[in-house]
1. Filter the stretch 3-51 for residues that are more than 16 Å from the ligand (Cβ to nearest atom), touching a residue at least 60 places away in the same chain (Cβ under 8 Å) and outside any loop (DSSP other than H, G, I, E, B) and give the result.
2. Consider Val102 against the criteria (1) open to solvent by less than 50 Å² (accessible area, probe 1.4 Å); (2) away from the ligand (no atom under 16 Å from the Cβ): it satisfies all of them except one. Which criterion is unmet?
3. Select from the stretch 108-144 the residues that are within 16 Å of the ligand (Cβ to nearest atom) and either among the hydrophobic types (A, V, I, L, M, F, W, C) or assigned to a helix (DSSP H, G or I) (or both) and write down the one among them that is nearest to Gln194 (Cα to Cα).
4. Do any residues in the stretch 127-150 that are open to solvent by 70 Å² or more (accessible area, probe 1.4 Å) have Cβ atoms under 6 Å from those of residues that are at pLDDT 85 or above and outside any strand (DSSP E or B), where the two are at least six apart or on different chains, and which pairs are they?
5. Can you work out which of the residues in the stretch 127-178 that are more than 18 Å from the chain's Cα centre (by Cα) and β-branched (Val, Ile, Thr) is nearest to Thr279 (Cα to Cα)?
6. Touching a His at 6+ places or on another chain (Cβ under 7 Å), part of a helix (DSSP H, G or I) and either open to solvent by 10 Å² or more (accessible area, probe 1.4 Å) or within 16 Å of the ligand (Cβ to nearest atom) (or both) - does that describe any residue in the stretch 64-80?
7. Take Ala67 and tell me if it is more than 21 Å from Leu119 (Cα to Cα), touching a residue at least 40 places away in the same chain (Cβ under 8 Å) and of a type in the set (Gly, Ala, Ser).
8. Residue by residue through the stretch 52-63, note down the ones that are among the charged types (D, E, K, R) and in a helix (DSSP H, G or I).
Amino acid sequence: MSIVVTKKTNRLGLTLADYKGADSTLCSGCGHDAISSQITRAFFQMGVEPHRVAKLSGIGCSSKTPAYFLGRSHGLNSVHGRMPAVATGAVTANRHLICIGVSGDGDTASIGLGQFCHLLRRNVPMVYVLENNGVYGLTKGQFSATADLGSRLKTGAVNDLPPIDVCKLAIEMGCGYVARSFAADPKQVVALLQGALAHRGTALLDILSPCVTFNDHDGSTKSYQWGKEHEELLHEIDFVPHFEPLPEVEYAEGEAVEVTMHDGSRLILRKTARDYNPTDLPQVLRLLRESRERNEFLTGLIYYNPATSDLVSRLRLVDSPLATLPESAVKPGPEVLESILREYA
Ligand code: SF4
């Protein structure tokens, strides 16, 4: 039976609704929800069969999000910072799986940094989405290892440590697809996700995803100080303010646009130029350094190296997923084990 592709259905005859997940429980206006919507859209537009997808995550607000997209796919919420190990096992056991991992800056750049590096080094075939907000949202907004030097919490605390640039780290670890984007730029996020899905090997998307509750404003009248001066305390209660999502941004290649965040702070986004060559490594590293020096947030496909060989190719696995092979094929028997042991005698 041939599938009729319409505006509402993709090449599989599925609708966007077939790629949705459960309702989000995150704070209203959280950047992570915008990214989940774009993941839903990217998989729909790419016509990926939902049952072939494995959604993996660690711990944190971002790691809750796989529940909010691709409700018909496989999913596992792993231990804090350990999603890379689970992903490595999953794609090795079944090389036909399409793996997407969602992580946060704490999960990736602190507790999971070692795992992240080895995932990149092995070039595990997967899309790795880092929802980067510079704070630990789940534990009430402490600085994470990607927070910029000199940035302030709404408490007024100043970050006195330099950030880990995960894109730079990924390039240095041999990652062949490295991109950075902004949750309020859905067009770019979808395009980068689609490119990532088409890439063989690890594809890293470092997406600025504002935490509207803990890192999006400073100086609230609901602050500890204000409350201490004005409130007659009956009991301790948390207040999660409601914010509208940031307006969407559109800007041309090579141009910069200034975005005003909820707290009035400004962010300068610069899109890579039309003639920018993401395969030119010296140019890529120079551009990353220059954008940091100019205090700009460079977005687009930063680095691309199609020549990298991914983990499952290097392991020379058979084409049939290991998980589907009969026991006789994966368990050779005692005589084989004995002959191997004899070689060590
Ligand atoms: Fe999102 Fe921050 Fe709320 Fe967590 S605490 S759900 S990161 S807005």
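The values are calculated or read from the model by the stated rules, or taken from the named source; none is laboratory data. None of the values given here were measured: they were computed from a predicted structure. Virtual Cβ from ideal backbone geometry, glycine too; neighbours counted across all protein chains shown. Quick note on the areas: whole protein, heavy atoms, side chains included, nothing else; ligands and nucleic acids left out. Shrake-Rupley method; radii C 1.70, N 1.55, O 1.52, S 1.80 Å.
1. Once the filter is applied, which keeps residues that are more than 16 Å from the ligand (Cβ to nearest atom), touching a residue at least 60 places away in the same chain (Cβ under 8 Å) and outside any loop (DSSP other than H, G, I, E, B), the stretch 3-51 yields Arg41, Ala42, Phe43, Gln45, Met46.
2. Among (1) open to solvent by less than 50 Å² (accessible area, probe 1.4 Å); (2) away from the ligand (no atom under 16 Å from the Cβ), the lone unmet condition for Val102 is (2).
3. Out of the qualifying residues, it is Val129.
4. Within 6 Å, the pairs are Leu138/Gly60; Leu138/Cys61; Asp148/Pro163; Leu149/Pro162.
5. Filtering first and then ranking leaves Val158.
6. So far as the stretch 64-80 goes, yes, one or more of its residues are touching a His at 6+ places or on another chain (Cβ under 7 Å), part of a helix (DSSP H, G or I) and either open to solvent by 10 Å² or more (accessible area, probe 1.4 Å) or within 16 Å of the ligand (Cβ to nearest atom) (or both).
7. Answer is yes for this residue.
8. Arg52
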